[in-house]
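Any read-out appearing in this document is the output of simple, stated calculations on the displayed coordinates, not a laboratory observation. What you see is a predicted model; the values in this text were computed from it and never measured. Cβ: placed from backbone, ideal geometry, glycine included. Neighbour counts: every protein chain shown.
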Amino acid sequence: MQFITREVPPRAAWTLEEAGLPPLLARLLAARGIRQADQLDDTPARLLPPSQLKGAQDAARLLADALQQGRKLCIVADYDCDGATACATGLRGLALLGFAPEHLGYVVPDRALHGYGLTPPIVDLVAQQGGQVLITVDNGMASHEAVAMARAQGMQVLITDHHLPVVDAQGRFSLPEADVIVNPNQPECPFPSKALVGVGVMFYVLLAVRAELRQRGVFDAATQPRLEALLDLVALGTVADVGKLDENNRRLVSLGLKRIRKGHMQAGIAALYQAAGRDASKASSQDFGFTLGPRVNAAGRLADMRLGIECLLTDDPARAQSLAVQLDGINRERRELESGMKDMAEASLDRLMPEGEAPAAISLFEPEFHEGVVGIVASRLKDRLHRPTFVFAMGQDGLLKGSGRSIPGFHLRDALDLVSKRHPGLLRKFGGHAMAAGCTILEEHFDTFDAAFRAVAEAQLDADTLQRRLHTDGPLPAEAYAAEVVAELEQAVWGPGFEPPVFADRVEVLNQRLVGERHLKLSLRVNGQQRDGIWFGRSEPLPDQAWLAYRVAVDEFRGQQRVQMVIEAQADA
């Protein structure tokens, strides 16, 4: 592991301090590209306008017409947290804009039964509900056959998505023939924020519908619905889907966090906080990624995502609490399943790497693996080995379903595209992003996929790319090692593309012991000061002297607060 200290432009840090920011926060923000305090302005007026999002105004006219014609809408959701929050945002927002409850419905695929996205069987489910306008959220860009089937049955189809379009054999984008597509990543879309996730796209469509209805005289600026009430859902889905926190996404997340801290949130969000034992008044962006998001995601991985969507839709606190408790229990089951699969995966790795040297790319399959957890296990193995990793499980249809995670410098979806061109017919389906992707293959083709995927990685990855690196913010000033500073940092919005602060110091290890059999409890001396530390998931002892990267957190026990170092990594000697 190599530590790289982020550069801090002195003028930017000074400018932010002059604007009233605490010195440490000013330095951290300057190192992440903030040059002026107005970049931190998170008022709704600073959000990018929906008029820049290709298709949003066409979608607004389609939905406004549907409202005035009394047509029935059906949202086709996805079974992850982004899809669940996008579905809840869409249904809640359309109701606020005037759609009657009997004109709103949704369906969500079963991961094991239907696979991903809008498929012909899902169109059948929409038809059974009497859907006249089919709206996808967080899916649809690859659903050519299903879109054609829906339109042949007389449905209007609105795709809202953020995934990359399919590329055909000639290298051209191939788009489904929907009535309208709203996606910042479709060709010729000028929307500056390509990092908008599915729930963000749905929120922008609602903003456009409100503007259209305002123009039609349904309401004016004073009486229009307050769509800001949906921003807690938008914030949760954005962070849980690992959306890059560019300026616009940071504003969406910050606005949602402010509402939650003030107690203005959906009943389901409040119930999820309570089920997790977290204080919503101290909500942070980390809660979305590590606390609430996994509980919603667990429903789609192991059970039925309708549990998650209903939790986010209900206004009944008692029902929300009951659903949140169920989600919490499913998430505990998910963690146990993940732990067992991770142990099996690591045993497989020992066979693959008898001398400890990892190949350029990893592909794993065991008959006992569970389809709902392969992505999490792939992510854990990728983090451990710093190699592009695919983990496969047997689906109910008898096909292997693989989920992959990548490292910087290796575009996973493009790698799959290259595999498919070199081995026509090998991949039944594939799609995804640079850092995460999925595919479906026959079990007897696993070895072929393994060799083909590894060959692409060997050709594209060099020693420099395979060097594990961690960007840090350098040493933490002694005066900043305080609970009030930690509280200041937790109020800021951190996440992908705007990484949370990680500091690095050379330390003397005074004492170390295992707690809970899996975590290393540490007593450290840093620049002459003794500090407590913990390294979760680490059982190997540290040397007497080490260079460690760490976060700072407040540990509360029996009403007493103390700051501790949460170790993230150790640099190579």
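Quick notes on this one:
- Prolate/oblate/rounded label for segment 402-442 (Cα gyration tensor, a/c 1.5): oblate
- Note on segment 353-458: semi-axes of the ellipsoid equivalent to its C-alpha gyration tensor, largest first and rounded to whole Å, are 18, 16, 13.
- The dipole here belongs to segment 44-330: it is taken about the Cα centre, uses +1 on the Cβ of Lys and Arg and -1 on the Cβ of Asp and Glu, and is about 840 debye.
- In summary, the helical segments of the chain meeting the span-like criteria, namely a full DSSP H run, a Cα extent along the axis of 20 angstrom or more and a mean Kyte-Doolittle hydropathy of at least -0.5, are 81-96, 198-215, 446-460.
- Cross-link pairs 194/282; 244/521; 342/521; 382/429 - those with Cα-Cα distance over 26 Å: 194/282; 244/521
- Separation of segment 526-548 from segment 322-349 is 29 Å, based on Cα centroids.
- In whole angstrom, segment 206-259 maps to an equivalent ellipsoid with semi-axes of 26, 11, 9, each derived as √(5λ) from the alpha carbon gyration tensor and ordered largest first.
- Residue 11-residue 554 FRET efficiency (beta carbon distance; Förster radius 41 Å; 0.05 resolution): 0.80
- Centre-to-centre, using Cα atoms only, segment 406-433 and segment 170-191 are separated by 20 Å.
- Here segment 48-88 has an Rg and Dmax of 12.7, 32 Å, counting Cα atoms alone.
- Counting all C-alpha pairs of the chain, share separated by more than 34 Å (%): 43 percent
- Just so you know, the Cα atoms of segment 281-408 work out to an Rg and Dmax of 16.9, 57 Å.
- Candidates 438, 393, 426 compared by Cα position along the dipole of segment 353-458: farthest toward the positive end lies 438, with charges placed on Cβ.
- Rounded to whole Å, sorted largest first: equivalent-ellipsoid semi-axes of segment 448-573, Cα gyration tensor: 32, 19, 15
- Furthest towards positive pole of dipole, 130, 160, 144, structure part segment 89-185, Cβ charges: 160
- Dipole magnitude for the chain: about 920 debye, using +1 per Lys or Arg Cβ and -1 per Asp or Glu Cβ, origin at the Cα centre.
- Direction-averaged projected area, Cα convex hull, segment 44-330: 14.3 nm², rounded to one decimal.
- Dipole in debye (nearest 20) - segment 1-160, about Cα centre, beta carbon charges: Lys, Arg +1; Asp, Glu -1: 240 debye
- The modelled label-to-label distance between residue 521 and residue 444, using points 7 Å beyond Cα along the C-beta direction, is 5.6 nm.
- The chain - mean residue ellipticity at 222 nm from DSSP helices (-39,500 (n - 2.57) per run, n ≥ 4, rounded to 500): -12000 deg cm²/dmol
- Ranked by the mean number of other Cβ atoms within 10 Å of their residues, highest first, the peptides 371-381, 59-69 come out as 371-381, 59-69.
- Listed residues 47, 269, 222: farthest to the positive end of the dipole of segment 44-330 (Cβ charges): 222
- The Cα center of segment 268-284 and the Cα center of segment 97-124 differ in position by 28 Å.
- Potential lengthening between residue 351 and residue 383 on full extension [0.36 nm per residue; Cα-Cα distance subtracted]: 9.6 nm
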